[in-house]
Amino acid sequence: METQISIMTTIRKRLLPAACITAALIVTVVSCASTDKPAKDTLSTNAKAEAKILSVLEEMSNDRRYAMWNITQEEGRLLWVLTAAAGAKHVVEIGTSNGYSALWFCLALRTTGGKLTTHEIDPYRISMARKNFKNVGVSHLVTIVEGDAHKTVTRLKEPIDILFIDADKAGYFNYLKKLLPLVRPGGLILAHNTIDLASEMQDYLKAVTNNPDLETIFLHKDAGGISVTLKKRR
Ligand SMILES: C[S@@+](CC[C@H](N)C(=O)[O-])C[C@H]1O[C@@H](n2cnc3c(N)ncnc32)[C@H](O)[C@@H]1O
C-alpha cells in the first residue's frame, strides 16, 4: 500500500508538471498558428500585388505600338532593388512617359511606405501613365506633376531619397542644380542614357564626377547606361 502511495505521489510530482507544460505548449502552438494565419494571408496578398505589377511591366515591355523611350527591364530591376535597399520614402522622377519606370519604383515603394513624385510634359503620355497606375492599384503612391519640369521642380520642398533623371538630356545639369539641395545626404541621383547620349549632357557628367561631395559609378555601359551618384554624408 505504502509503495502504491509513493508511486502515485511520484507520478503527480513528475508527470503533472510535464503534462501542464505540454498543455501550455499546445495552447501556444495553437495560438501561434491562429496568429500566423493573417500573416500568411498578408503575404499572399503582397505577393499577388507584386505579381500583378510585374505582369503589367512584362506586357508593357512587349508592347511595341508606341515609342515610349522606356528603360530596359534590367534597368527597371536596378531601380527596384536600389529603392528597396535604401528604404526610400520619397522618389522624384523627371520623365514619366507611360509610367514604366515609375512602376518599377512602385514595386519597392509599396514595401518601404514611400511615394513617388514624377514629372511629365506630354499630356498623352500622362494619360497613359495614369491608366497604368490605376490598373495595378498604385495611384495612391504616385503624384504626377504635369508641365515643363524645369519649372515645376521648383515647387518641390520635401527631402528626396532618390532622384531619377530621364527626360530632355540637355536639361540634366539644370535638374541637378535645382534638386541637389533637396537630396538628403546618403541619397542617390540616378540618370539614364549617360553612355549612349553622353555627348548631350557633358555639363551634367562633369558635375557628378568632379564634385567632391558626390561619388558616381556608371552601370549598364553596354546599353543606354545609368549613372548612380551618391550624395555623401559629411
Ligand atoms: C525617356 S522618356 C522617359 C521614360 C521613362 N522614364 C520610362 O523609362 O518609362 C522621357 C520623357 O521625358 C518627357 N520630357 C521631356 N522634356 C521634359 C520636360 N522639360 N519636362 C517634363 N517632361 C519632359 C518626355 O515627354 C518623355 O515622356
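Read-outs: derived from the displayed coordinates by stated rules, not from any lab. Computed from a predicted structure; not experimentally measured. Cβ coordinates were reconstructed from backbone atoms using ideal geometry, including for glycine residues, and neighbour counts include every protein chain displayed.
Summary table
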item: Exceeding the 25 Å Cα-Cα cut-off - candidates K151/K206; K115/K177; K48/K131; K134/K169; K52/K151; K52/K157; result: K134/K169; K52/K151; K52/K157
item: Distant-in-sequence amide H partners of I195 (H built 1.01 Å from N, under 5 Å); result: G225
item: Ranked list, fewest to most other Cβ atoms within 10 Å of each Cβ, for Y175, Y124; result: Y124, Y175
item: Ordering of 188-198, 128-138 by burial proxy (mean other Cβ atoms within 10 Å per residue, highest first); result: 188-198, 128-138
item: Whole-Å distance, taken between Cα centres, linking segment 178-221 and segment 70-144; result: 20
